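Computed from the coordinates by the stated procedures, all read-outs in this text should not be read as laboratory data. Quick caveat: nothing in here was measured; it's all calculated off a predicted structure. So basically every Cβ, Gly included, is an ideal-geometry build from the backbone, and we count neighbours across all protein chains shown.
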Amino acid sequence: MPVEGWLAQLDDNAASTVDVDIASFDPDGFPLLGTGQIRDHVAAVSAYLTVEDSIVRRHIIRYSLYGRELDIIQSHLTKTHCAASCPRPPVGCCNNQHWRIYSMSDIMMTRPSTVAMQLADHIQHMQADEDTYHGADKPDAHVSRCRYFRDEGCVLHLFKSPLCMHYLCDGVRDWLATSFGPAGRRFSEAMRVMVDRPLERGADFTSDAVVTSALPLMPR
């Protein structure tokens, strides 16, 4: 699996933080991941990060766990539909630099906290690390303004930007409503709320409502 392979090759830079970080995450908070997966994931990311501030470090780890859950959700729900039905293939919505988390105007209007700014900076560094592992030496076959787009789609599994994690085009939203009824609309709405949410604090980067609303749509 791409995620496990990337986690397994991360350098062990700060092993002293691992046990306390593992203890800080409730396995029940990530219903799409098993207890062992969560433990191994937290251990790998915690040991790799050289971030002394425990609040920032745990926001980064939480974001990567959340990104892993969103990757599972999208793999089961939307990726196949997008590949088969996108009206703008092959790039689709990956047609701009959406991997960037804050523009200068975002910073001026939102005035994000120091923790949020640090979290965004670390996410973008981790994007580059994921790309090095998943996307190195794979040439872009199509013109795209996103640096992380390849023939098989986005190479990021854990550290997409909040916009890329949550964006659903109108076609996908309509398909979810048609295929899943009210449950599909609830999931679409939870995703829309996250797209529109100003990223003022570290907690604004993730949403329990997104995962909770996706659970009824997932295969049993």
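Only helices enter this figure: runs of n ≥ 4 DSSP H residues, each worth -39500 (n - 2.57), summed and divided by the residues of the chain, yield -17500 deg cm²/dmol at 222 nm to the nearest 500. Each peptide in 37-45, 15-23, 209-217, 56-64 receives the mean, over its residues, of other Cβ atoms within 10 Å, and ordering these scores from highest gives 56-64, 37-45, 209-217, 15-23. Summarising the label geometry, the points placed 7 Å from Cα in the beta-carbon direction at residue 179 and residue 86 lie 1.5 nm from one another. This ranking places 186, 220, 111, 100 by how few other beta-carbon atoms lie within 10 Å of each, fewest first, which gives 220, 111, 100, 186. Label point of residue 169 set 7 angstrom out along Cα-Cβ; within the stretch 47-76, no amide nitrogen lies under 16 Å from it.
Need one word for the stretch 92-196: rounded, prolate or oblate. Basis is the Cα gyration tensor (sqrt eigenvalues a ≥ b ≥ c); a/c below 1.5 gives rounded, then a/b vs b/c decides. Judged from the Cα gyration tensor, the stretch 92-196 comes out oblate (a/c at least 1.5, b/c at or above a/b). Mind sorting out which of [x] 17.3; [y] 12.2; [z] 10.8 is the real mean projected area of the Cα convex hull in nm² computed from the coordinates? The value matching this structure is [y].
Label-to-label distance, residue 124 versus residue 212, with points set 7 angstrom from Cα along the beta-carbon direction: 3.3 nm. About its Cα centre, the dipole of the chain is roughly 800 debye, where the only charges are +1 on Lys and Arg Cβ and -1 on Asp and Glu Cβ. For the stretch 1-124, just say rounded, prolate or oblate: build the C-alpha gyration tensor, square-root its eigenvalues into a ≥ b ≥ c, call rounded for a/c under 1.5, and beyond that prolate if a/b exceeds b/c, oblate if not. It comes out oblate by the Cα gyration axes.
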